[in-house]
Structures are given as structure tokens and as C-alpha cells.
Amino acid sequence: MWTLVMYIGQVMKDVLKLPRPSSPPVVKLETRVDAEYGLPSTHAMAATAISFTFLLSAPSRIQFQFGVGLLIAVTFSSLVCLSRLYTGMHSVLDVICGASISAILILLTYPYWDTFDRFQLTSSISPVVGLVLPLFLSYMYPELEHYSTTRGDTTTILGAGAGSSVGYWVNEQLGQTFEPQGALPVPLPPLTLHATLLSAARFLVGVIALVGTRQVMKTVSLQVLYSWYNVAKNDSSARKRREIEVPSKFATYTAVGLVNSILVNRVFILLGLH
């Protein structure tokens, strides 16, 4: 859902080309994405999609009070939406449209989530579709008159989604899916000091593994592409070219998704952190 709503949101931005709030009078607290257009707010889309996808999919797997989960989902998505107004990056319309688009996409796709899961985990063509379709969409991203980070950010998201999708399929084929033990839905484990320390250790190991993977793949992919296209290694502007930006970011974050979904869980087991 994250990859779906983000791709749709980013493409809408660059097709509609509606500007961000003008400054002044708005005080912008972020400047990195000034070149991006405004509507819809993809932060609002992602926060809404992630929160409510978790909320709707969790009851079949975990025992919890739905009302509490709803409160958490509403609070998290609202805080993200409001932060986009506070930082001066979006108008109220941008945020409302972003949250509304995600809500519509959730309603339209919810009946098919189980069907998609079965296809993703068991179909023999799942890894091919999971890699080829996101890569194709990355290359087909709309061109702008000026450089914007939206294409690179979108490719990053699609790459991570592709790598994770293939990784889940591989785990299913290997017969080790890291599912909760026992009859579903399982009760939430108690929040103890031991559980907190275990979570912190898993977090640190995961961050080290994923940041290391990103750094290695980014360096290697850029060197290969610079050599292939005969570009000087000190030419930082070359990274903005489609033929370098897209494959570099896609390869890097596909590797991150694969490591996250396949290797990190096995490292947890090896280190006794499961």
C-alpha cells in the first residue's frame, strides 16, 4: 500500500504541477524539496495508508482492542498531516486531498488484499512481476522541465517495495516465513524490560545491516553506471540523469528490501534476538 499510494501521489504532483504554498507569507521550515510540486501531500497519503492498512490487517493476526488501534491510527496520521502545515510545505487542500486519496485507495483495494498476498507469496511469476513492474514504472515516471527529487524518491520506494516483495516470496519457498507461533490471532506479548531491550537490539542490528547494504550498493551501482556511460566519477550532476539515477536507486533499494526481508530475520535468529 505504501508503494502504491506513493507512486500515485508523486505522479499526480508532477502531472498536476500545482505549486506549494508561497513564502512569504508561509514560513518554510524545510527547503530540500522546494522544487517539488504541492498537491497532493504524499506525507499525508503515506501516513494515512500505513496507519489504516495496519489497523485493518492486524485483527486477523493479533488480538487487540480495535478502538485503541483506531485512536492510534487517527492520531499518527493526523500528526503527520498537521506537521506538513506547520513546516509550510503544504496547504490545507494538499493535505486533505492526500489523506482522501489514500482513504479511497484503501477502500477500493481492501477486498483484494488476501488475493494479492496469495499471489505475492505463492505465484511462480510473482518475483518477475515484483521486479519488472516497479522498474518499468520508475523509467516511465513523468519528465519535468527542471530537476526534481520526486523521480529519485519514487524509484527508491519502488525499489524497496520490489526487494521486499521478492524477499517474502523467497521466504515462502524456503518454508520459513517468520509467522507468529500459535493459532491466529495471537495475543500481544507483554511490554517488559526484556522485550524492550530485545527490540532495541533488533533495531540496531537491522539499521547496521540496511545502512551497510545501502552504502555498498550505492557505491557499486554508481561506479558501474559511470563506467558504462563514460561519465567522470567526480561529476555529481550525472546522478540526476534518468539513465543513472533510476537504475542506481532501484538496484540499491531493491538490495535493501531483499536484505531486510530475507537476511535480517535470519541474523536475529542466529544472534538469539527472535
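The values are calculated or read from the model by the stated rules, or taken from the named source; none is laboratory data. Everything numeric in this text was worked out from a predicted model, so none of it was measured. Every residue, glycine among them, receives a Cβ derived from its backbone with ideal geometry; neighbour counts consider all protein chains shown. Surface accessibility is based on the protein's heavy atoms, side chains included, excluding ligands, DNA and RNA. Shrake-Rupley method; radii C 1.70, N 1.55, O 1.52, S 1.80 Å.
The mean accessible area for residues of the range 59-118, using a 1.4 Å probe and ignoring ligands and nucleic acids, is 64 Å² per residue. The label-point distance for residue 118 and residue 174, in a model that sets each label 7 Å from Cα toward Cβ, rounds to 2.6 nm.
On full extension, the segment bounded by residue 233 and residue 203 gains 7.4 nm, given 0.36 nm per residue less the C-alpha separation. Here's how it looks for residue 186: its modeled amide H is under 5 Å from those of 62, 63, which are all 5 or more places away or on a different chain. Do you know the Lys pair count in the chain for C-alpha distances under 21 Å, with sequence separation 8 or more or different chains? Lysine pairs, 8 or more places apart or on different chains, close enough: 10. With θ taken as phi - 60° and the Karplus curve 6.51 cos²θ - 1.76 cosθ + 1.60 applied, the whole-hertz 3J(HN,Hα) list for the range 95-105 is 5, 4, 5, x, 5, 5, 4, 4, 4, 5, 5 Hz, x standing for glycine and proline. When the P(r) is computed for the range 1-66, the part past 14 Å accounts for 66% of the Cα-Cα pairs.
In vacuo Debye scattering of the range 1-141, one point per C-alpha: log10 I(q)/I(0) at q = 0.16 Å⁻¹? Taking Cα atoms of the range 1-141 as identical point scatterers yields -0.93.
Taking every C-alpha pair closer than 8 Å and separated by at least 6 residues, the mean separation divided by the residue count of the range 1-145 gives a relative contact order of 31 percent. With the Kirkwood sum run over all distinct C-alpha pairs, the chain has a hydrodynamic radius of 20.7 Å.
The residue 31 and residue 79 beta-carbon pair, evaluated with R₀ = 22 Å, returns a calculated FRET efficiency of approximately 0.50. Quick one: compute the contact order of the range 61-203, relative version, from alpha carbon pairs under 8 angstrom and 6+ residues apart, as a percent. Once divided by the residue count of the range 61-203, the mean separation gives 36 percent.
Rounded to the nearest Hz, the phi-derived 3J(HN,Hα) couplings of the range 205-213 under the Karplus curve 6.51 cos²θ - 1.76 cosθ + 1.60 (θ = phi - 60°) are 4, x, 4, 4, 5, 6, 5, x, 4, where x marks glycine and proline. Pick out, in residue order, every one of the chymotrypsin sites (Phe, Trp or Tyr not before Pro) in the range 101-162 that is DSSP loop and has at most 15 other C-beta atoms within 10 Å; say none if there are none. Those satisfying the criteria are 147. Phi angles of the range 71-81 translate, via the Karplus equation with coefficients 6.51, -1.76, 1.60 and θ = phi - 60°, into HN-Hα couplings of 4, 5, 5, 5, 5, 4, 5, 5, 4, 5, 4 Hz per residue; Gly and Pro are given as x. Taking the 1.4 Å solvent-accessible surface of the chain as the whole, the part contributed by carbon and sulfur is 70%.
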